[in-house]
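In what follows, a single structure is set out as structure tokens and then discussed.
The values are calculated or read from the model by the stated rules, or taken from the named source; none is laboratory data. These numbers come from a predicted model, not from an experiment. Here the Cβ positions follow ideal geometry from the backbone for every residue, glycine too, while neighbour counts run over all protein chains shown.
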């Protein structure tokens, strides 16, 4: 079975939820017998075609602009996909889904994965939000099959478009804690004595509010706030965030991390915080839970779907509530029984091997249907 994937920047070393999703999904589909080509965005992965765990990564030139990037890349990508003659074109996210009708008109069978209503992100102006809503509509109405990464997204799709979909969540690799401390020593961190947040520097992640909450937190002692990530496109918000971090006491920005450095900061953290206003189904939260980390998160539908205990949620954007939760759980570590229970739940519900098998079944349904 020949699969072409479109709608992502690329992988392995590219930040983003869709990118993490595809980096884990497609190598497993290769092992299940699929031939997979990912049409990546050249500014993120370079100009040379390469292979990652059996997946062919084919870069396509595009404008590196947050408003035009996905549009120009996907339009070119559909034409490239046509030439590759796939059994399935798999398009990710509602922005790229704008071109699902084009792909269908060119004779391709299309599966679309809905990763969340991106038009709710604060970074978009009203024109971009209108285009994203249109992409959601075109994708959900015209794709041969639709996959949603959460039950809430599937419910929204059913209500808006009377369209049934397959609920196949994001997954997580189960991790063992590592004991190395190279990154910790580089940033002056003490094991178990830092708050960890991970994500891109965009408004909907709530990092500005997290820094404000940290500034008002007393006493902090030796604890630090560590934010892993960066901006895809440097803008006024990301510059402001870096200025806030530089001015606040004991705040560390590590930049984008992956592989062993990221495993290290997850393994040694004392508490994980996800203050987002918006998520599809947050892979970073699942990763934190897979390490057995104590977590506090914003009270939004995507985070509710993960089903933490009630006392671990706070109102999104509420600086005082964020500070209160951090203060409460800094001194209330999760015991070993709680860590084991959390890891067992994550491994059963968000297993990538099962997710790959379910995705393959969707492909098979589309191909079998005349």
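Give the number of residues within segment 106-131 that are assigned to a helix (DSSP H, G or I), surrounded by fewer than 22 Cβ atoms within 10 Å (Cβ to Cβ) and in contact with a helix residue (DSSP H, G or I) (Cβ under 6 Å, 6 or more places away or on another chain). Quick ask: steps written out before the conclusion?
Pass one, segment 106-131, residues assigned to a helix (DSSP H, G or I): 118-120, 126-131.
The next check asks that each one be surrounded by fewer than 22 Cβ atoms within 10 Å (Cβ to Cβ); those that pass are 119-120, 126-131.
Among the residues that remain, those that are also in contact with a helix residue (DSSP H, G or I) (Cβ under 6 Å, 6 or more places away or on another chain) are: 119, 129.
Residues in segment 106-131 being assigned to a helix (DSSP H, G or I), surrounded by fewer than 22 Cβ atoms within 10 Å (Cβ to Cβ) and in contact with a helix residue (DSSP H, G or I) (Cβ under 6 Å, 6 or more places away or on another chain): 2 in total.
Please go through segment 24-55 and pick out each residue that is assigned to a strand (DSSP E or B) and buried (at least 20 other Cβ atoms within 10 Å of the Cβ).
Taking segment 24-55 first, the residues assigned to a strand (DSSP E or B) are 35-41, 50-52, 55.
Scanning segment 24-55 gives 36, 37, 38, 39, 40, 41, 55.
Here segment 298-319 is the region considered, the condition is being in contact with a strand residue (DSSP E or B) (Cβ under 9 Å, 6 or more places away or on another chain) and part of a helix (DSSP H, G or I), and the residue that is surrounded by the most Cβ atoms within 10 Å (Cβ to Cβ) is 303.
Of the residues 308, 281, which is within 18 Å of the chain's Cα centre (by Cα) and under 22 Å from residue 350 (Cβ atoms)? The conditions single out 281.
Looking at segment 165-257, the helices (runs of 4 or more DSSP H) lying wholly inside it that each contain 3 or more residues that are modelled with pLDDT of 90 or more and touching a strand residue (DSSP E or B) at 6+ places or on another chain (Cβ under 7 Å) sit at 207-215.
Going by the conditions given, is residue 267 surrounded by 17 or more Cβ atoms within 10 Å (Cβ to Cβ), touching a strand residue (DSSP E or B) at 6+ places or on another chain (Cβ under 8 Å) and touching a residue at least 12 places away in the same chain (Cβ under 8 Å)? Can you show your working first?
Details: surrounded by 17 or more Cβ atoms within 10 Å (Cβ to Cβ): yes; touching a strand residue (DSSP E or B) at 6+ places or on another chain (Cβ under 8 Å): no; touching a residue at least 12 places away in the same chain (Cβ under 8 Å): yes.
Against the criterion (surrounded by 17 or more Cβ atoms within 10 Å (Cβ to Cβ), touching a strand residue (DSSP E or B) at 6+ places or on another chain (Cβ under 8 Å) and touching a residue at least 12 places away in the same chain (Cβ under 8 Å)), residue 267 does not qualify.
Contact annotation: residue pairs with Cβ atoms under 7 Å, 6 or more positions apart or on different chains, pairing a residue in segment 123-152 that is on the phi < 0 side of the Ramachandran plot with a partner that is in a helix (DSSP H, G or I) and surrounded by fewer than 15 Cβ atoms within 10 Å (Cβ to Cβ), are 145/365. The numbered conditions (1) under 20 Å from the mean Cα position of the chain (by Cα); (2) crowded, with 23+ Cβ neighbours inside 10 Å are all true for residue 99 except (1). For segment 80-92, the criterion of being in a helix (DSSP H, G or I) and without any contact (Cβ under 8 Å) to a residue 12 or more places away in the chain is satisfied by at least one residue.
Here are some residues: 274, 253, 286. Which one is closer than 16 Å to residue 230 by Cα, in contact (Cβ under 8 Å) with a residue 24 or more places away in the chain and surrounded by fewer than 23 Cβ atoms within 10 Å (Cβ to Cβ)?
Among 274, 253, 286, only 253 is closer than 16 Å to residue 230 by Cα, in contact (Cβ under 8 Å) with a residue 24 or more places away in the chain and surrounded by fewer than 23 Cβ atoms within 10 Å (Cβ to Cβ).
Residues in segment 267-297 that are outside any loop (DSSP other than H, G, I, E, B) and within 14 Å of residue 187 (Cα to Cα): 268 only. Among the residues of segment 1-23, those identified as surrounded by fewer than 24 Cβ atoms within 10 Å (Cβ to Cβ) and part of a loop (DSSP other than H, G, I, E, B) are 1, 9, 12, 13, 14, 15, 16.
The number of residues in segment 336-365 being closer than 30 Å to residue 110 by Cβ, surrounded by fewer than 14 Cβ atoms within 10 Å (Cβ to Cβ) and out of contact with any strand residue (DSSP E or B) (no Cβ under 9 Å at 6 or more places or on another chain) comes to 2.
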